[in-house]
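> First the structure, then my questions, so here it is.
Just so it is clear, none of the values below were taken in a lab; they were calculated from the coordinates. Please read these numbers as outputs of a predicted model, since none were measured by experiment. Neighbour counts run over all protein chains shown; Cβ positions are idealised from the backbone, glycine included.
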Amino acid sequence: MSRAWITVLGATGSIGVSTLDVVARHADRYAVFALTGHSQMAVLEAQCRQHDPLFAVVADAAQAEPLQQRLQATGLQTRVLHGVEALAEVAADQRVDVVMAAIVGAAGLSPTLAAVRAGKRVLLANKEALVMSGALFMQAVRNSGAQLLPIDSEHNAIFQCMPRNYANGLGQVGVRRILLTASGGPFRDFALEDLAGVTPAQACAHPNWSMGQKISVDSASMMNKGLELIEACWLFDARPEQVEVVVHPQSVVHSLVDYVDGSVLAQLGNPDMRTPIAHALAWPERIDSGVSALDLLSTARLDFQAPDPQRFPCLWLARQAFDAGGTACAVLNAANEVAVQAFLDGRIGFTDIPVIIEYTLNCLPPVQVEELAQVMLADRQAREHAHRWLANRA
Ligand code: NDP
Ligand code: MG
């Protein structure tokens, strides 16, 4: 069997590292075409030494030159490229079979779309790309015949519980509802009046998952579940009322599909992203991911609760944005990215995050989307409005 060439966009991040862990377990199946990083050059250099990619991509020339020299000095042939066009090139190169889209945030949209348009097997971790460009993204998948496989643990679980022909329409294949599980994050049981004063370190200390900072804050605010609700609607062509969010603190049931005959199929496992990564890499085969077997006896309990709208306004803002349609989800996403960064920088409190998002959504009535330029414009305008809120506040 010839090896599949893989590009890992966002190799230096949490998902990127887990992806390379799985890839390294299957050197007979996968060869690394390109790895990309943004700020962590030492991590990228070590990854290049271990995986010997044809290309490494960094943000700018000032990073590229020293990395190229260091790699050459040890006899590696890896070529170091830089800039956003280079990200799209290593995603779309005709030699590439699989692209892991694991850049965080809107920065991942253009290389992820490049991979989709080139008809690759695209492993989608970068949910923000799909949230921003929804209909255009899915149309690009259909046009190119790309294989889109979800990495988000919930969506990967739903995919595993869906019948193969779900693209015919959920009603046609007997699916009644999708049950999207959420851990509730670190503040699930926090006193509401204390939420305004929580620190970035507290927000990033997720009880079950180890993840990058941005998604950790999104999990704490439940904007992550809002983005995932939108993601589920696009991936599975579901209406929002067909997706029910259920808080499940143990993060063992990764999501469920409810059928009209009363059957509910769930996917369970230890909370470790190597499971969905290995699933999507090898699908429809199964390969070892390095994740230990689930011990149901030590799990003992599986609890389920309804999400609290007062505690998690971001979830409802996301739902409203999806209902509003057009550019609203791009605006929601951009405002959230600015707000989360401001929170991580200590400029605002945790409870200011939904305030900034709601303000920005009110500033920019949704526009119907015909082309990507409108999405990018909405993203830029939303960032300007959110920054204006921050400036006025200061
Ligand atoms: P991390 O912050 O750990 O990693 C982000 C990656 O993107 C890093 O490689 C980073 O490079 C790179 N990056 C950051 N900014 C830019 C930019 N402007 N241009 C190019 N590259 C950039 O995030 P995660 O791995 O946690 O998350 C990645 C994506 O996967 C997100 O969309 C997240 O929502 C999604 N996801 C993550 C899960 C998880 O368990 N971590 C679970 C489900 C989904 P560097 O580090 O070198 O700066
Ligand atoms: Mg998830």
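> Which value in nm describes the separation of the simple spin-label points at D52 and V246, placed 7 Å from the Cα toward the beta carbon?
With each label point 7 Å from Cα toward Cβ, the separation is 4.8 nm.
> D194 to M138: extension gain in nm, 0.36 nm per residue of separation minus the Cα-Cα distance?
Numbers: separation 56, 0.36 × 56 = 20.16 nm, distance 4.07 nm.
Taking D194 through M138 to full extension adds about 16.1 nm, to one decimal.
> Which aspartates and glutamates, on any chain, are close to K214 with Cα under 20 Å apart, when same-chain ones fewer than 8 places away are left out?
Within the straight-line limit of under 20 Å, K214 reaches these aspartates and glutamates: E128, D152, E154, E228, E231, D272, E337, D345, D352, E358, D379, E384.
> So, one more: Pairs of alpha-carbon atoms within less than 8 angstrom and 6+ residues apart define the contacts here; what relative contact order does region 224-279 have, in percent?
22 percent
> Which order, highest average first, do 13-24, 295-306, 195-206, 101-112 follow once you tally other Cβ atoms within 10 Å for each residue and take the mean per peptide?
101-112, 13-24, 195-206, 295-306
> Take the alpha carbon gyration tensor of the chain, find the square roots of its eigenvalues, order them as a ≥ b ≥ c, and report rounded if a/c is under 1.5; if not, report prolate when a/b exceeds b/c, else oblate.
It is rounded, given that a/c, with a ≥ b ≥ c, falls under 1.5.
> Another one. So which GluC sites (Glu not before Pro) in region 318-394 are both in a DSSP loop and have at most 16 other Cβ atoms within 10 Å of their Cβ?
For GluC sites (Glu not before Pro) across region 318-394 that sit outside H, G, I, E and B with at most 16 neighbouring Cβ atoms in 10 Å, the list reads E370, E371.
> Let me ask something else about it. Which of rounded, prolate or oblate describes region 274-328 when judged by the alpha-carbon gyration tensor and an a/c cut-off of 1.5?
Oblate shape, in that a/c is at least 1.5 and b/c is the bigger or equal ratio.
> Hey, another quick one. Using a/c under 1.5 as the rounded threshold, could you call region 153-227 rounded, prolate or oblate? The axes a ≥ b ≥ c are square roots of the C-alpha gyration tensor eigenvalues, and prolate needs a/b larger than b/c, oblate otherwise.
prolate
> Please report the relative contact order for region 325-394, taking Cα pairs under 8 Å with a sequence separation of at least 6, and give it as a percent rounded to a whole number. Write down the numbers at each step before the final one.
Numbers: 72 pairs, mean separation 33.2, N = 70.
Averaging sequence separation for qualifying contacts and normalising by length gives 47 percent for region 325-394.
> Please report, in debye to the nearest 20, how large the charge dipole of the chain is about its Cα centre when each Lys and Arg carries +1 at its beta carbon and each Asp and Glu carries -1 there. The partial results should precede the final answer.
Numbers: 29 positive and 39 negative charges, 110 e Å.
It comes to approximately 520 debye.
> Dipole magnitude of region 71-156 about its Cα centre, charges +1 at Lys/Arg Cβ and -1 at Asp/Glu Cβ only, in debye to the nearest 20?
I would put it at about 200 debye.
> Which whole DSSP H helices in the chain pass both tests: a Cα extent of 30 Å or more along the axis and a mean Kyte-Doolittle value no lower than -1.0?
372-393
> Which one, A86, Y259, A196, projects farthest toward the positive side of the charge dipole computed for the chain from Cβ point charges (K/R +1, D/E -1)?
About the Cα centre, the residue reaching furthest to the positive side is A86.
> To the nearest 20 debye, what charge dipole does region 197-286 have about its Cα centre, counting +1 at the Cβ of each Lys and Arg and -1 at the Cβ of each Asp and Glu? Present the calculation step by step, with values, prior to reporting the outcome.
On the way: 5 positive and 10 negative charges, 74 e Å.
About 360 debye.
> Would you mind calculating the relative contact order of the chain from Cα pairs under 8 angstrom and at least 6 residues apart, reporting the percent as a whole number?
14 percent
> In addition: Would you calculate a helix-derived [θ] at 222 nm for the chain, using -39,500 (n - 2.57) for each DSSP H run of n ≥ 4 and dividing by the full residue count, to the nearest 500?
The helix contribution divided over the chain gives -14000 deg cm²/dmol.
> Cut-off is 10 Å between beta-carbons; in what order do H385, H254 appear when sorted fewest neighbours first?
Arranged by neighbour count, lowest to highest, H385, H254 become H385, H254.
> Given the chain, what percent of its DSSP beta bridges are antiparallel, to the nearest 5?
Within the chain, antiparallel bridges account for around 25 percent of the total.
> Expected output is a single nm value to one decimal: the length gained when fully extending between D308 and R117, i.e. 0.36 nm times separation in residues minus the C-alpha distance. What is it? Walk me through the numbers before you get to the answer.
Working: separation 191, 0.36 × 191 = 68.76 nm, distance 3.93 nm.
So the chain would gain 64.8 nm between D308 and R117.
> Once the piece of chain linking Q72 and W316 is laid out straight, how much longer is it, given 0.36 nm per residue of separation minus the C-alpha distance between them?
So the extension gain works out to 82.7 nm.
> Which distance in Å, rounded to a whole number, links the C-alpha centroids of region 310-332 and region 179-231?
Distance between centres, Cα-based: 16 Å.
> Cβ neighbours within 10 Å, averaged per peptide: list 240-251, 63-74 in order, most packed at the top. Please report the intermediate quantities before stating the final value.
On the way: 240-251: 17.8, 63-74: 15.1.
Per-residue mean Cβ counts within 10 Å order the peptides as 240-251, 63-74.
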